[in-house]
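**Student:** Here it is, the structure, as structure tokens.
Values in this text are rule-based calculations from the coordinates and carry no lab data. The structure presented is a predicted model; accordingly, all values stated were derived computationally and were not measured. Cβ: placed from backbone, ideal geometry, glycine included. Neighbour counts: every protein chain shown.
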């Protein structure tokens, strides 16, 4: 009886080991799109000497290009974004990429200690050249989200001739101002919920936040509705990692390692070098798109920056039901707005 139990245990362990190995090496891909001129590719592209994972999708490769810059820092949107861009794929060719040291662009044994926003800006500009050459178009519409707006704004200022327009979703601005807005919001919500412990915990952070040494804890912002209201972004990531075809288990490990390797330094850079002090003019049409309840990057801080920023054409658009993810939380309205803007600028 004991020998039989040992055999069963060994078989079970072997099965588990095989499952783990398969999960780690399982091939990844992005599903095809019907249409003789459609495009659906996922793979590594060498950009400035580093391998970058690039996903390109659309029903017609001749449609206008949208190049998305993910936030985090280090938080790729490739694992889950397909569920939110089905309508956009009908009208645009959409490019997502994992930034240097992020997600599938994190390569084991490589050193990412010198990754700065300037490095990521140069990568983005080189990727833009690659994409336009690959698709036979002259320019792209640049869309940054969250920390991706820090990179995107700087890229649009450095090389405006590569872009039709710049769109900042959850636009970064004066980080200290934004974080104080987040702090006040979470404290007010915690008081409303009679959560004395949360109020006391948040109040203890006021000094470090005012000095730009710390961010309002994202778990608190999320808990009180300042991150997402109509979607569950954490669940999106989990399901994308578990069920999506673009990432396997090894990619999830790389994702986690990339966040650890790059996020702290990039966040520190963003909190000490504020965008309004770096970029005060964009020479292309510029649009800030904010969710009304966004307290990851506050609406008021973004609006102050918008008012100071020079641009030949600009607009500040607020989505009334959203927080930090209006492009996902109100995807139909976002798609309609975006199509109107790009159609007019083409």
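**Student:** Just report the Cα centroid separation between the stretch 66-104 and the stretch 223-268, whole Å.
**Tutor:** The stretch 66-104 and the stretch 223-268 have Cα centres spaced 12 Å from each other.
**Student:** Follow-up question, since we're still on this one. Could you check how many percent of all C-alpha pairs in the chain are farther apart than 24 Å?
**Tutor:** Details: 34279 of 59685 pairs.
More than 24 Å apart: 57 percent of the Cα pairs in the chain.
**Student:** Could you calculate the contour length gain from residue 29 to residue 320, that is, 0.36 nm times the residue separation minus the distance between their Cα atoms, to one decimal place in nm? Before the final figure, lay out the partial values.
**Tutor:** Working: separation 291, 0.36 × 291 = 104.76 nm, distance 3.54 nm.
So the chain would gain 101.2 nm between residue 29 and residue 320.
**Student:** Between residue 343 and residue 239, what is the spin-label point distance in nm, taking each point 7 Å from the Cα along the Cα→C-beta axis?
**Tutor:** My value for the distance between the label points is 3.0 nm.
**Student:** Mind sorting 29, 337 by how few other Cβ atoms lie within 10 Å of their own Cβ, fewest first?
**Tutor:** Values: 29 12, 337 19.
So the residues, fewest neighbours to most, are 29, 337.
**Student:** Additional query: Rounded to whole Å, give me the distance from the Cα center of the stretch 284-309 to that of the stretch 179-214.
**Tutor:** 22
**Student:** May I pose another question? Going by C-beta contacts inside 10 Å, put 252, 289 in order with the fewest on the left.
**Tutor:** Numbers: 252 18, 289 26.
Listed from fewest to most nearby Cβ atoms, that is 252, 289.
**Student:** From the helices alone, meaning DSSP H stretches of at least four residues, give me the mean residue ellipticity at 222 nm for the chain, per-run term -39500 (n - 2.57), in deg cm²/dmol to the nearest 500.
**Tutor:** Values: 14 runs with 166 residues, N = 346.
Calculated from helices alone, the mean residue ellipticity at 222 nm is -15000 deg cm²/dmol.
**Student:** Further question: Taking the Cβ of each residue in 65, 169 as the centre, tally the other Cβ atoms inside 10 Å and list the residues starting with the fewest.
**Tutor:** Working: 65 25, 169 30.
Sorted ascending by nearby Cβ count, the order is 65, 169.
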